[in-house]
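The values are calculated or read from the model by the stated rules, or taken from the named source; none is laboratory data. From a predicted model like this one, the values you see are computed outputs, not experimental measurements. Please note: Cβ atoms are built from the backbone with ideal geometry, for glycine as well, and neighbour counts cover all protein chains shown.
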Amino acid sequence: FCEYSIIQNWENVEEYRIDQARVGPGEQGEPVKQPKDPGVAAEVLALYKANGYNAYISDLISVNRSVKDIRHPLCKTMEYHSKLPVVSVIFPFHEEHNSTLLRSVYSIINRSPPELLREIILVDDFSEKPFLKKPLEDFLKRAKLDHIVKVLRTKKREGLIRARQLGAEKASGDILIFLDAHSEANYNWLPPLLDPIVEDYRTVVCPFVDVIDCDTYEIKPQDQGARGSFDWSFNYKRLPLTRKDRENPTKPFPSPVMAGGYFAISAKWFWELGGYDDGLDIWGGEQYELSFKVWQCHGRMVDAPCSRVGHIYRCKYMPFKNAGVGDFVSRNYRRVAEVWMDEYKHHLFKHRPGVGAIDTGDISRQKAVRERLKCKSFDWFMKEVAFDQDKYYPAVEPKASASGELRNRGAGMCVDTQFKQSNQRFGLRKCISDDPTGGGEQNLRMTRWHDIRPEGRSVCFDASTSERKAPIVLFDCHSMKGNQLFKYRIDSEMLYHPVSNQCLTAEKDGSGFLFMDQCDDKEPTQKWVWQVSRLLTLLSFCFTKAL
């Protein structure tokens, strides 16, 4: 790609003008409310259960809808190489709802410079829905899209990883772009993905992934970005941007680990790396395998803030059964660890008991890739790429500043999270130390990141608004403070939440859920006592300003 040296602005002003004139449900990425007609309730529920998102609302929205331009304003002024490589966009799917799938396709066609879009490859992973068979191909012919949109079909359920690999094998573009089939590309999304690859073909580029609300289809921006990472149980996590990365909101920044399904890679580099490990089954671990070998084998990976793609995160229902046999995720993790992580693999085995004993199968081909490319050690990766990983997600968890029961003075009861999951509220129950039969999950920890979480789990107390009596829920721990930052004041026994400027509060009789409220150091329902505390550590957590 070295001959592509002249630069230009790729913004399509006419496209914006046309889109701004569009009216209708969901246009400009706005939310669509559920019709109040009770006669459609059964259909709405059935479609929700079949897809994991509100497909009824999807059908009310044009497959060509306009989107909300949520890029940083400076992105519109950016210039990229005038000659960019052509791309193959690969959408693996299984039982995707028809209008959501087609909207994903149209968003790519409508918002990609036609001279850059070689093809869109739909990889049907053994779907059974009638529309996804011959009617889909007939639709593409009627819409005169069959020259650019190709449909591949697996002969049995292969899973996400092998479906992507199949698409890559059939692709003819210089660049492979992998996306999920429930996504929508934003304006001028493509040049920012391609430009870093022109500079170095061994660069992998990930777009910013925004949220398409699973219920209303509203397009919501993600935050200002973070670097991808993981904890030692192999849960995907995020690291804060460095000071240098924050200086320019348009500049791609290095990221240790990709989130998974959204990235661009040169076909040459993908196959030099051996593609995906074909021994990985269904899903799980593939983002770590690819991220590690990209970095360790002398490539790099960046996130491009000016490339935005919306994604639907399934909610309420999980419509599909896993097609794998046994604990395929743990087996995938073991394969990745044995090939790429060297001595660091033992941290994974410790945090995910049983992974270290699973049979990996044959990993000789993957080890040969590492040897052929003279790839670097995982110790190099941890020190040079994920250099602050241990600060946020240490392999050896430091002692908690406070732990055990968290008793409310006013109600005389303890916080009990009852093994609830992310986005669920919780309250008080009779303390286990008073009545061993009365509680559920009361062993809590206040960590060095100033968050509070149940022992052995990675969900944290989280308050996302500053309104009075704002709800507090469990949410996936991110160790980046913000909504999950609490400070314990020893003298007043209060838990202060700086983001909302409120304190953790319970009802006087201990009923209902916990909430945040205006701090009052004379209010007993805001006074909390830890069963075990480390005084010196807690002193460093205290806030010093008067409430």
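As a summary of the residue check, residue 132 satisfies the conditions (1) of a type outside the set (S, T, N, Q); (2) within 26 Å of residue 268 (Cβ to Cβ); (3) free of Cβ contacts under 8 Å to residues at least 40 places away in the same chain except for the one numbered (2). Examine region 134-141 for a residue that is in contact with a Leu (Cβ under 9 Å, 6 or more places away or on another chain), modelled with pLDDT of 95 or more and of a type outside the set (A, V, I, L, M, F, W, C), and state whether such a residue exists. The answer is no; no qualifying residue exists.
Selection over region 465-521 of residues that are in a loop (DSSP other than H, G, I, E, B) and either farther than 14 Å from residue 453 by Cβ or in contact (Cβ under 8 Å) with a residue 60 or more places away in the chain (or both) gives a count of 28.
Of all residues in region 404-411, one or more are touching a Leu at 6+ places or on another chain (Cβ under 7 Å) and buried (at least 23 other Cβ atoms within 10 Å of the Cβ).
Name the residues in region 287-328 that are modelled with pLDDT under 95 and over 24 Å from residue 53 (Cα atoms), would you? 325, 326, 327, 328, listed by residue number.
Scanning region 226-248 for residues that are in contact with a strand residue (DSSP E or B) (Cβ under 6 Å, 6 or more places away or on another chain) and not aromatic (Phe, Trp, Tyr) yields a total of 7. Remark: residue 355 falls outside the filter, which requires a residue to be aliphatic (A, V, I, L, M) and in contact (Cβ under 8 Å) with a residue 40 or more places away in the chain. Just so you know, in region 363-381 the residues that are over 18 Å from residue 328 (Cβ atoms) and of a type in the set (A, V, I, L, M) include one that is surrounded by the fewest Cβ atoms within 10 Å (Cβ to Cβ), and it is 368. Listed here are the helices (runs of 4 or more DSSP H) enclosed by region 160-278 that have at least 2 residues being hydrophobic (A, V, I, L, M, F, W, C): 160-170, 190-199, 267-272.
Per the conditions (1) modelled with pLDDT under 95; (2) part of a loop (DSSP other than H, G, I, E, B), the sole criterion not satisfied by residue 410 is (1). Give 157, 142, 103 a once-over and let me know the one that is among the basic types (Lys, Arg), surrounded by fewer than 17 Cβ atoms within 10 Å (Cβ to Cβ) and closer than 29 Å to residue 43 by Cβ. The match here is 142. With respect to the conditions (1) within 26 Å of residue 234 (Cβ to Cβ); (2) of a type in the set (Gly, Ala, Ser); (3) out of contact with any Asp or Glu (no Cβ under 6 Å at 6 or more places or on another chain), residue 427 falls short on a single one, namely (1). Listed by first and then second residue, the pairs linking a residue in region 200-221 that is on the phi > 0 side of the Ramachandran plot to a residue that is part of a loop (DSSP other than H, G, I, E, B), with Cβ atoms under 7 Å apart and 6 or more places separating them unless they lie on different chains, are 217/26; 217/31; 217/32; 217/61. For region 523-544, the set of residues classified as at pLDDT 95 or above, more than 14 Å from residue 486 (Cβ to Cβ) and among the polar types (S, T, N, Q) consists of 525 only.
Every residue, every condition in (1) within 24 Å of residue 71 (Cβ to Cβ); (2) acidic (Asp, Glu); (3) within 18 Å of the chain's Cα centre (by Cα), yes or no:
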site: 158; (1), (2), (3): no, yes, no
site: 166; (1), (2), (3): no, no, no
site: 171; (1), (2), (3): no, no, no
site: 179; (1), (2), (3): yes, no, yes
site: 197; (1), (2), (3): yes, no, no
site: 209; (1), (2), (3): yes, no, yes
site: 219; (1), (2), (3): yes, no, yes
site: 225; (1), (2), (3): yes, no, yes
site: 229; (1), (2), (3): no, no, yes
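When region 295-316 is limited to residues that are closer than 15 Å to residue 177 by Cβ and over 12 Å from the mean Cα position of the chain (by Cα), the one that is surrounded by the fewest Cβ atoms within 10 Å (Cβ to Cβ) turns out to be 302. A residue that is more than 25 Å from residue 230 (Cα to Cα) and not acidic (Asp, Glu) cannot be found anywhere in region 448-464. Scanning for something assigned to a strand (DSSP E or B), closer than 26 Å to residue 318 by Cα and at pLDDT 95 or above, does region 104-120 turn up at least one residue? Taking every residue of region 104-120 in turn, none turns out to be assigned to a strand (DSSP E or B), closer than 26 Å to residue 318 by Cα and at pLDDT 95 or above. Among the residues of region 320-362, those that are surrounded by 16 or more Cβ atoms within 10 Å (Cβ to Cβ) and part of a loop (DSSP other than H, G, I, E, B) comprise 323, 324, 341, 352, 358, 360.
For region 420-445, a tally of residues being in a loop (DSSP other than H, G, I, E, B) and in contact with a strand residue (DSSP E or B) (Cβ under 8 Å, 6 or more places away or on another chain) returns 16.
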